[in-house]
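Taking it in order: structure first as structure tokens, then the write-up.
The values are calculated or read from the model by the stated rules, or taken from the named source; none is laboratory data. Values in this document were obtained by computation on a predicted structure and should not be read as measured data. With ideal geometry, Cβ positions are generated from the backbone for all residues, glycine too; neighbour counts draw on all protein chains shown.
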Amino acid sequence: MKLTGQGLLLRIFIGESDRWQGRPLHEALVLRAREAGLAGATVVRGLSGFGAHSRLHTAKVLRLSEDLPLVIEIVDREDRIRAFLPLCDEMIGEGLVTLERVEVLKYEPGRPPRDVV
């Protein structure tokens, strides 16, 4: 799939310990995004953060957290992102979901990978 021009960035803020049907929520969301045919998804692990309950989650050595913040970013055409939102609403119990208009300068697949993990 080649993608350029106007699109939407879906950004999902959740915790590392959040789960969906026994699986880590971030994994479940990425798999669902792939099944939905979205352009791609990236999960970023935060070093520290806090959310609605103002509990601080940090990766400091003396205070190891097992619930670090995660951000899932997905960019695609607006219609495809909006079609994915009801699934996000169903799967995400606690967190933050944002949309941002973006201009995609280049998204083009290269050669297929030799090994898929």
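Does H57 count as touching a Phe, Trp or Tyr at 6+ places or on another chain (Cβ under 8 Å) and at pLDDT below 95?
Numbers: touching a Phe, Trp or Tyr at 6+ places or on another chain (Cβ under 8 Å): yes; at pLDDT below 95: yes.
For H57, the condition - touching a Phe, Trp or Tyr at 6+ places or on another chain (Cβ under 8 Å) and at pLDDT below 95 - is met.
Considering only the range 77-117, state which residues are in contact (Cβ under 8 Å) with a residue 12 or more places away in the chain and part of a loop (DSSP other than H, G, I, E, B).
Passing the criteria: R77, I92, G93, E94, G95, L105, K106, Y107, E108, P109.
Within the range 82-117, track down each residue that is over 21 Å from D18 (Cβ atoms) and aliphatic (A, V, I, L, M).
The answer is A83, V102, V104, L105, V116, V117.
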